[in-house]
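J.: Here you go, one structure.
The values are calculated or read from the model by the stated rules, or taken from the named source; none is laboratory data. Here the structure is a predicted model, which means the values were calculated and not measured. When we count neighbours, we look across all protein chains shown, and the Cβ atoms used for this are built from the backbone with ideal geometry, even at glycine. What goes into the accessible areas is simple: the full protein's heavy atoms, side chains included, and nothing from ligands, DNA or RNA. Shrake-Rupley method; radii C 1.70, N 1.55, O 1.52, S 1.80 Å.
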Amino acid sequence: MSLMKFSVPSASCQFPASFAWGVATAAPQIEGAFDADGKSPSIWDVFSRKPGATHNGDTLDVACDHYHRYEADLDLMAALGMKHYRLSIAWPRIIPTGAGTLNTRGVDFYNRLIDASLKRGITPWVTMFHWDLPQVLEDKGGWPERVVVDAFADYADEIVKAYGDRVKNWITLNEIGVFLENGYGVGRHAPGRKEKPEVVNQAFHHAMLCHGHGVRAVREHGGKDARVGLTDNSRVTIPLTETAPDIEAAHEQFARRNARILEPMYRGEYGKNYLAHTKGWLPKIAANDFELIAQPTDFLGLNIYSGEIVRRGADGGPQHIAYPENFPTADSPWLKLNARCMYWGPRLAAEVFGAKDVVITESGAGYNDLPPVKGEVFDIHRLEYIRACLRELRRSIADGVPVSGYFAWSFMDNFEWADGYDRRFGIVYTDFKTQVRTPKASGRWYSQVVRENALV
């Protein structure tokens, strides 16, 4: 019996030649150095010290010590063949008082990080805000107060002016819905508040205004070739069957589930879906707010991990179908392993809201991985899920969905918010005691995917 030999991946596994492959991290989750060189406390520095706030009482104090080890981390990133790196800037490190005087030592750190990335042929994609609000602004009321909008406008101007000569890919905010619902709605995340829905909705409006200021700052200071977008954790609706009735139901539900973010951004208004969600309540809106929020962006970043199943119900409307108890699930209990989310998320963003370019800015799976054995971590469960997701992403591209990049979350295990350090999403294993990094099976496999620009 002879076996077929494949010298290169088949055409169905290839991605477009210009496709951007990368890895992602966030400053508060990896940097450590929580009070070094003039940095002020973030809301997460304060929240993590509250009894019971995080798993095992874990804090961000050291994390992956990336602040001191970034050169070696970038060496490993380059060795794995990564060409794009999504990182974030710590607002309390740049402007410890929230707005006003720059901390030059903080500014210099990101100059070194950006230059070191470029030196290794790695293109930086910079997220302006990834959840680490300066505590001084929380003390003034936090996101429900417009003082945050004014402060962010100042901060966005300063970082684009400082780094815009080298950074050409900007992301304004990361997952508005998550940090506001968890931080101000249910209190599970920093700052741990449980506010009325009206207060949370006002915070959403202020976050959208900050997004607008981020876009404005890039247009004003980023240069003609700068690109900017928002990263959203859009609620992906997956049709139970890929037939017209269920697909139409998924469209309708996607529009409803994502009305608070994508509706004002793409349509410049709070429309019927938003009003239905908030039971008719509107935030305080100033003149020109929607003009700021709805400025054209260059891409939509989507963080996609899972999705919800929808079909056309007996009453004619979309019907949510719950996952059965034994449906495959990561150690992160919310992460149902349904790879079709990676097809339908980008497609619905394009078809429902008109996104012209979609970048997958996060994707992965959280497990409580065991330590390396003889230098290896066989996280086959993570590898197979990411591979399945990438096959669905390739299917979406083949069907004409405008997807131009994919960033694996995360480059290395890190501080996973309220879940602390036990829950791991990295394709590189982090020993938090020794700070030794070990590429996992998923990392070595992903390295091959990047090099081949194809599923392998």
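J.: How long are the three semi-axes of the equivalent ellipsoid of region 250-295, in whole Å, if each is the root of 5 times an eigenvalue of the C-alpha gyration tensor, listed from largest down?
T.: Ellipsoid semi-axes (Å, largest first): 19, 13, 6.
J.: What are the ³J(HN,Hα) values, in whole Hz, obtained from phi via the Karplus relation 6.51 cos²θ - 1.76 cosθ + 1.60 with θ = phi - 60°, for each residue of region 414-419 in sequence order, with x given for Gly and Pro?
T.: Working through the residues one at a time gives 8, 6, 9, 6, 5, 7 Hz.
J.: Cβ under 14 Å from Glu269's Cβ, Glu269 left aside: what net charge do those residues give with Lys, Arg +1 and Asp, Glu -1?
T.: 0
J.: While we're here: Given +1 on the Cβ of Lys and Arg, -1 on the Cβ of Asp and Glu, and no further charges, what dipole in debye does the chain carry about its Cα centre, rounded to the nearest 20?
T.: The calculation lands at about 740 debye.
J.: Something else now. Expressed as a rounded percentage, what relative contact order does region 139-254 have, with Cα pairs under 8 Å and six or more residues apart?
T.: 33
J.: Leaving out ligands, DNA and RNA, what percent of the accessible area of region 157-249 is carbon and sulfur, probe 1.4 Å?
T.: Of all accessible area on region 157-249, carbon and sulfur atoms account for 51 percent.
J.: Which percent of the accessible area of region 22-85 is formed by carbon and sulfur heavy atoms (probe 1.4 angstrom)?
T.: 54
J.: Further question on the same structure: Over region 41-105, what per residue volume does the convex hull of the Cα atoms give, in whole Å³?
T.: 122
J.: Below 8 Å, C-alpha to C-alpha, sequence gap of six or more: please give me the relative contact order for the chain in percent.
T.: It rounds to 18 percent for the chain.
J.: Related question: Would you work out the charge dipole size for region 221-351 about its Cα centre, treating the Cβ of every Lys and Arg as +1 and the Cβ of every Asp and Glu as -1, and quote it to the nearest 20 debye?
T.: In total the dipole reaches around 180 debye.
J.: If you filter region 298-335 for chymotrypsin sites (Phe, Trp or Tyr not before Pro), then keep DSSP loop positions with at most 14 other Cβ within 10 Å, what is left?
T.: Those that pass, being in a loop and sparsely packed, are Trp334.
J.: Given the pairs Lys196/Lys356; Lys161/Lys196; Lys39/Lys284; Lys224/Lys356, which are separated by over 28 angstrom at their Cα positions?
T.: Lys196/Lys356; Lys161/Lys196; Lys39/Lys284
J.: Another question, if that's okay. Residue farthest toward the positive end of the dipole of the chain, with Cβ of Lys/Arg at +1 and Asp/Glu at -1: which of Leu275, Ile94, Gly364?
T.: Value: Gly364.
J.: Averaging over every viewing direction, what projected area does the convex hull of the Cα atoms of region 134-186 cover, in nm²?
T.: Its Cα hull, projected and averaged over all orientations, spans 4.2 nm².
J.: Computed over the Cα atoms of region 302-436, what is the ratio Rg over Rh, Rh following Kirkwood?
T.: Ratio of gyration radius to Kirkwood radius: 1.03.
J.: Can I ask one more? For region 312-417, which GluC sites (Glu not before Pro) pass both filters: DSSP loop (anything but H, G, I, E, B) and at most 16 other C-beta atoms within 10 Å?
T.: Glu325
J.: I've got another one for you. Taking N as the number of residues in region 24-74, what value does Rg over Cα atoms divided by 2.2 N^0.38 Å take?
T.: Computed over Cα atoms of region 24-74, the ratio equals 1.17.
J.: Can you tell me, using C-alpha contacts under 8 Å and at least 6 residues apart, the relative contact order of region 26-123 as a whole percent?
T.: Relative contact order comes out at 34 percent.
J.: Then there's this: Which Cα, out of Gly106, Ile122, Val147, lies furthest along the positive dipole direction of region 101-148 (beta carbon charges, K/R +1, D/E -1)?
T.: Ile122
J.: Please compute P(r) over all alpha-carbon pairs of region 221-333, binned at 10 Å starting from zero, and give each bin as a whole-number percent.
T.: 12, 32, 33, 18, 5, 0
J.: Continuing with this model, one more query. Against the 2.2 N^0.38 Å scaling, with N counting residues, where does region 140-221 land? I'd like the Cα-based Rg ratio to two decimal places.
T.: In units of the globular-protein estimate, region 140-221 measures up at 1.17.
J.: A further question follows. Evaluate the charge dipole of region 219-280 about its Cα centre and quote only its size in Debye, nearest 20, assuming +1 on the Cβ of each Lys and Arg and -1 on the Cβ of each Asp and Glu.
T.: 300
J.: Over region 225-272, average the accessible area per residue using a 1.4 Å probe and give it in Å², no decimals.
T.: In whole numbers, region 225-272 has 38 Å² accessible per residue.
J.: Quick one: which residues, 5+ away or cross-chain, put their amide H under 5 Å from the amide H of Val228? H built at 1.01 Å from N.
T.: Close amide H contacts, sequence-distant or interchain: Trp170, Asp298, Phe299.
J.: Keeping all protein chains in place, calculate the accessible area per residue for region 119-216 (probe 1.4 angstrom), answer in Å².
T.: Result: 29 Å² of accessible area for each residue.
J.: Of all accessible surface on region 332-420 at a 1.4 Å probe, what whole percent is carbon and sulfur?
T.: Exposed carbon and sulfur together represent 57 percent of the surface.
J.: On alpha carbon coordinates alone, what is the Rg over Rh value for the chain, Rh being the Kirkwood radius?
T.: 0.95
J.: Let me ask something else about it. Given Ile176, Gly38, Tyr446, which one lies farthest toward the positive end of the charge dipole of the chain, if we put +1 on the Cβ of every Lys and Arg and -1 on the Cβ of every Asp and Glu?
T.: Tyr446
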